[in-house]
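In what follows, a single structure is set out as structure tokens and then discussed.
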Amino acid sequence: MSVNASGAARIPLTVIGGFLGAGKTTLLNHLLTQSGGRRIAVLVNDFGAINIDRSLIATQDAEAIELTNGCVCCQIGDDLTAALIGVIESPLPPDAIVIESSGVSDPWRIAQVGLADPALSLESVLVLVDAATVRSQAGDPLLADTVARQFSAADLLVINKCDQVSEAELRSLRAWLETQAPGAPRYETSHGHVPAELVGSPLQRHAAACAGCAGHGAHDHARHDHVRHGELFDTWSLQDAPVFQAKALRALLRSMPRGVLRLKGLVRTDEHVLAELQFAGRHGSLRAARGPSGAAADTVVAIGLRGVLSASDLTTAFEGAIQPAPLGSTV
């Protein structure tokens, strides 16, 4: 679990970007009403545009809409920082925060808040694209720079409105996106239906499930690899991890094996008593962790789209980052 300097858990932050009309508002409405039991706080410029089922609204005022499932939709107004502080310091902080960036903005500028604020943990930047119009937008001289910046910020490209194009057009779009956003994982959908697992932090739940698996030994660094096959995702975990070389982990973050959407871990390195390892799409970090180690220490968990995540590549990569035992020592 990520913790801030005071020992309190960091709140996962996800930023949703994408050009005007890509379907961000539809996606946010879906997340608010299909939260899966987690309290999600969504910060938007105009929550009046989000068509929330009135039967789900518990309270509403000029600043926020609170839903019966514990989620809340807050209006940013003129000051994103003030809106964030209000959510973070609320009596019952949310399990995750989602910020919608405007259609013509660079979502990475907003995402940097999650890197700078010790109360937050940046999870990922999701950028929506309209399957039917994104290529024409990218070809418009007045819009090309905005679209390119949004592509470069994306940890995950959500290809929306796939129902509005033919299969041939979709194949052509996939090939084009490989040239425009190489290395960015993609998720294809319609009507903004994105699974809640892509927002917030599902990895701790996977880690807890993996920790309960039997059969991992207490020798050979007690490595235990586990792939969980679900409807949408494969997950990989490393339990009872050994001490790693920090330099090797940083190199791994720069060249993560294909298919990893998100990766998190609390591990020991030759530079840290305990380090927080985090990777989302195309961005990674390794930094000193604070707070109790608990059962999550010496554990790394990754999640990727089913059929794309390579467990063997991840295992090989982490084995290559292990700190060698001192000469003369016994294992």
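Name the residue, out of Thr26, Thr59, that is hydroxyl-bearing (Ser, Thr, Tyr) and part of a strand (DSSP E or B).
Testing whether each residue is hydroxyl-bearing (Ser, Thr, Tyr) and part of a strand (DSSP E or B) leaves just Thr59.
So in the range 224-277, with the set limited to residues that are of a type in the set (Lys, Arg) and modelled with pLDDT under 85, which one is farthest from Ala288 (Cα to Cα)?
Arg228
Among the numbered criteria (1) out of contact with any Phe, Trp or Tyr (no Cβ under 6 Å at 6 or more places or on another chain); (2) crowded, with 18+ Cβ neighbours inside 10 Å, which single criterion is violated by Cys73?
All conditions pass for Cys73, except number (1).
When you check Val98 against the structure, is it closer than 30 Å to Leu142 by Cα and at pLDDT 85 or above, yes or no? Steps first, please.
On the way: closer than 30 Å to Leu142 by Cα: yes; at pLDDT 85 or above: yes.
For Val98, the condition - closer than 30 Å to Leu142 by Cα and at pLDDT 85 or above - is met.
With (1) modelled with pLDDT of 85 or more; (2) under 17 Å from the mean Cα position of the chain (by Cα); (3) crowded, with 20+ Cβ neighbours inside 10 Å as the list, and Val129 as the residue in question, which single condition is left unmet?
Only one criterion in (1) modelled with pLDDT of 85 or more; (2) under 17 Å from the mean Cα position of the chain (by Cα); (3) crowded, with 20+ Cβ neighbours inside 10 Å is unmet by Val129, namely (2).
Kindly check whether there is at least one residue in the range 159-180 that is at pLDDT below 90 and crowded, with 17+ Cβ neighbours inside 10 Å.
The answer is no, given that none of the residues of the range 159-180 is at pLDDT below 90 and crowded, with 17+ Cβ neighbours inside 10 Å.
Results for (1) surrounded by fewer than 17 Cβ atoms within 10 Å (Cβ to Cβ); (2) closer than 15 Å to Leu309 by Cα; (3) in the same structural domain as Leu156 (by TED's automatic domain parsing), shown as yes or no for each residue.
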{"residue": "Phe244", "(1), (2), (3)": "no, no, no"}
{"residue": "Lys247", "(1), (2), (3)": "yes, no, no"}
{"residue": "Ala251", "(1), (2), (3)": "yes, no, no"}
{"residue": "Ser255", "(1), (2), (3)": "yes, yes, no"}
{"residue": "Val260", "(1), (2), (3)": "no, yes, no"}
{"residue": "Leu263", "(1), (2), (3)": "no, yes, no"}
{"residue": "Val267", "(1), (2), (3)": "no, no, no"}
{"residue": "His272", "(1), (2), (3)": "no, no, no"}
{"residue": "Leu277", "(1), (2), (3)": "no, no, no"}
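Quick one: is Gly23 over 18 Å from the mean Cα position of the chain (by Cα) and buried (at least 19 other Cβ atoms within 10 Å of the Cβ)?
Here the answer is yes, as Gly23 does meet what is asked.
Inside the range 39-52, can you point out the residues that are modelled with pLDDT of 85 or more and either among the β-branched types (Val, Ile, Thr) or not in a strand (DSSP E or B) (or both)?
Result: Arg39, Ile40, Val42, Val44.
Counting just the residues of the range 78-95 that are among the acidic types (Asp, Glu) and modelled with pLDDT of 85 or more, which one comes out surrounded by the most Cβ atoms within 10 Å (Cβ to Cβ)?
Of all residues in the range 78-95, those among the acidic types (Asp, Glu) come to 78-79, 89, 95.
So of that shortlist, the ones also modelled with pLDDT of 85 or more come out as 89, 95.
Values: Glu89: 9, Asp95: 19.
Applying the filter and picking the extreme gives Asp95.
The values are calculated or read from the model by the stated rules, or taken from the named source; none is laboratory data. If you're wondering where the values come from, they're calculated on a predicted model, not measured in any experiment. All Cβ positions, even for glycine, are placed from backbone atoms using ideal geometry, and neighbour counts span all protein chains on display.
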